[in-house]
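Before any comments, here is the structure.
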Amino acid sequence: MLEYSRLKYLIILLVLALSVLYAAPNAFPQDPAVQVTANRGTKVDAALKARVEDVLKKGGVATVGVELEEDGNLLVRTGSDEAQAKAAQLMRETLGSGFVVALNQATTVPRWMEKLGAKPMFLGLDLRGGVYFLMQVDRKAALDKRFEATAEDIRGLLRDNRIRYVSVDPAAGNRVVAKLGAGQDDAKARQLIVRDMPTYRIDGEGETISVEIPQAELDKMLTDAVQQNIGTLSNRINELGVAEPIIQRQGADRIAVQLPGVQDTAQAKRILGATATLEYRGVVDGNAIEARDTGNVPPEARIYYRKEIGPDGKPLPVLLNKRVIASGEQLQGASSLFDSRSGTPAVSVRLNAIGGQRMFDFTSANVGKPMAVVYIERIPEVKIVDGKEVRTTRINEQVISVATIQSTFSKEFQTTGLESMKYAADLALLLRAGSLAAPMDFVDERTIGPSLGKENIERGLLAVGFAFTFALVFFLVYYRVFGLITCLALLINLLMVFALMSMLGATMSLPGLAGIALTVGMSVDANVLINERIREELRIGLPPQKAIAEGYDRASGTILDANVTAFLAGLAMFAFGSGPLKGFGMTTMLGIITSAYTAVSVSRGIATLIYGGKRKLKSVAI
């Protein structure tokens, strides 16, 4: 008999209802928008909202709405891409470096759907949605970092071999100049430097040693820095959860980053653009305020500023040792948490062996003395001067914590006293992803709007539409009523694919549309197997209801075997591919799962509704 349990019908109805709910958000268009996020020391509030509204009104920019979001951002919706670009320019000029102003696409999905987790799927850059960044390595800053590192290596080498020095500092001409103390063995110092730095040129006379870094070494360093930055950016983008990112090197010192489907572009820009790290330094005894006012700074020290404000209304200065104990380069892991003792947000830090040994050596010799944590952030800025964009970089160095060393520690410890949990989470993310080998600046930023991907969308949907229409016409003509059943199953199959991609936060791209077209074809294959099997059972004389039941039972095994093979191919593309190939593998796997379910289960349920029960059939329209 041709029967189907009520439980299975209930499952089909539940799947259909969920598919409609989670696929429906894709029908809602997105508004071009500008998103404003606060940097450290600023905040987004009602006063900022009123200020932005006034600026846009005076600038003649029509807005759809200006709203404060729950995550602490300000979102300005505009009616067109032109208005979006103009609004972003006005807001950047007005708000300055205290805020990150980024282009975005704002959803119009009803709130009740969002509360249920129903969101539209992301569209790749080849369709619509996403951000393109072109970033350039700051050559000067990268070289300065290399010279300072070389100077620190020479200081450590002389110190470990008990050779006193007056100063070791970078100098012009790709050089680091070391001045030894009176009566020191300069020949031994030269031998040590030649031994540890054989590719460098060593010259100078007497107590002055000049170490020149060859240009070939600097060029290789820049190349390595770009490659390391690509890896670091990949880690940071993974932390952001961006689907199908594309990171490519362009030329000698530029990196192109494509982030399809990004919603929080301000967060992405801040995480990608900021060169943030921590430095742990010892505190030097002395009157920091006097040193700041007179300029008389101890030779081994440098003035830094705390986040606290002093009685004079200025940030409190502190004298820190020029020597870095450990820095972000030695970090292996970082996580945000609440410190149980102080009750403040904190970051738990884990160093590698080298950093741990340095920290152990320092804390062993300085128990009871203070140690400072310096947060260094490099923030890209864009200013309009005489109608032209001028790109600069602001370096923010701030002492976020000065604490007394209570006991010796090495690889694992906590940095406490941070201003907020969000700040602690952002800092831990940056440290966990790794610091950039060389600072980078944004030289181009674009949001890919509907105009660029319009033709791709139309042609892609046209291809899927034709694939479905051809199948529909063929099945209706060739299989009649069972053709109608097959077409209903195909519709539900497409609905389920879109719903699953939306639920998983997948990115739809042109290869993804190709994968959907392919799954329509695979679903057709499954239904052809079922329909032809039913026809064979009718030819050998089985009653219509028995023939339908046998057709589904005997075809199901073949369909599942074929789908498992195709699923493994899609899994291989998703696991080992990248970019477009990964997207194709994703839609192929989802389409195979849904097509197998709709062909074997959903179409059987529909057929049972039409031909099942206790009715007696003489023939079947197939």
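Any read-out appearing in this document is the output of simple, stated calculations on the displayed coordinates, not a laboratory observation. As the structure is a computational prediction, the values presented were derived from the model and not from experiment. Please note: Cβ atoms are built from the backbone with ideal geometry, for glycine as well, and neighbour counts cover all protein chains shown.
Quick notes on this structure:
- Potential lengthening between Arg480 and Glu93 on full extension [0.36 nm per residue; Cα-Cα distance subtracted]: 132.8 nm
- Distance-filtered residues of the range 84-108 - backbone nitrogen under 13 Å, label point 7 angstrom along Ala62 Cα→Cβ: 84
- R0 of 25 Å, Cβ-Cβ distance Lys179-Asn296: FRET efficiency to nearest 0.05: 0.80
- Within the range 571-612: backbone nitrogen closer than 14 Å to the Leu462 label point (7 Å, Cα to C-beta): none
- Mean separation of Cα pairs under 8 Å and 6 or more residues apart, divided by the residue count, gives the range 276-418 a relative contact order of 28 percent.
- Take the Cβ atoms of Ser234 and Glu455, set R0 to 35 Å, and the FRET efficiency comes out at 0.70.
- P(r) tail for the range 162-234: Cα pairs beyond 17 Å make up 52% of the total.
- For the range 130-273, alpha-carbon Rg relative to the globular expectation (2.2 N^0.38 Å, N residues): 1.41
- Calculated FRET efficiency for the pair Leu16/Asn352, C-beta based, R₀ 41 Å, to 0.05: 0.15
- Net length available on complete extension from Glu207 to Leu542 is 110.0 nm, with 0.36 nm assigned per residue and the Cα-Cα distance removed.
- One decimal place: the segment Ala149-Thr558 gains 140.7 nm when fully extended, by the rule 0.36 nm per residue minus the C-alpha distance.
- Listed by chain and number, the aspartates and glutamates whose alpha-carbon sits under 19 Å from that of Lys614, ignoring those within fewer than 8 places in the same chain, are Glu3, Glu550.
- Whole-Hz couplings from phi, Karplus 6.51/-1.76/1.60, listed for the range 182-187; x for Gly and Pro: 4, x, 7, 7, 6, 5
- Globularity ratio of the range 567-613, using Cα Rg and 2.2 N^0.38 Å: 1.63
- Annotation: lysines with alpha-carbon distance below 29 angstrom to Lys388 (same-chain offsets under eight excluded): Lys43, Lys49, Lys57, Lys58, Lys86, Lys140, Lys269.
- Angle between the chain longest axis and helix 450-479 axis [Cα atoms, degrees, rounded to 10]: 20 degrees
- Residue-count net charge about Leu538 - beta-carbon cut-off 12 Å; Lys, Arg +1, Asp, Glu -1: +1
- Using all pairs of distinct alpha-carbon atoms, the Kirkwood hydrodynamic radius of the range 276-418 works out to 16.7 angstrom.
- For the chain, the longest principal axis of the Cα atoms and the long axis of helix 139-160 meet at an angle of about 50 degrees.
- 14 Å beta-carbon shell around Tyr22, net charge (K/R +1, D/E -1): +1
- Estimated distance in nm for a label pair at Thr108 and Asp71, the labels positioned 7 Å out from Cα along Cα-to-Cβ: 2.2 nm
- Whole-number D in µm²/s for the chain (Stokes-Einstein; Kirkwood sum over Cα pairs; 37 °C, 0.692 mPa s): 112 µm²/s
- Trypsin sites (Lys or Arg not before Pro) restricted to the range 147-231 and DSSP loop, no more than 14 other C-beta within 10 Å: Arg162, Arg164
- For Ser509, nonlocal amide neighbours, meaning residues 5 or more places apart or on other chains whose placed amide H falls under 5 Å from its own, are Gly124.
- Approximate shape of the range 53-147 as ellipsoid semi-axes (Cα gyration tensor, √5λ), whole Å, largest first: 30, 21, 14
- Using C-alpha pairs below 8 Å separated by at least 6 residues, the relative contact order for the chain is 16 percent.
- MRE, 222 nm, helices only [DSSP H, n ≥ 4, -39500 (n - 2.57), over the chain, to nearest 500]: -16000 deg cm²/dmol
- For the chain, the longest principal axis of the Cα atoms and the long axis of helix 544-576 meet at an angle of about 20 degrees.
- The longest stretch of the chain left intact once loop-based GluC sites (Glu not before Pro) with at most 12 other Cβ atoms within 10 Å are removed from consideration, loops following DSSP, is 206-622.
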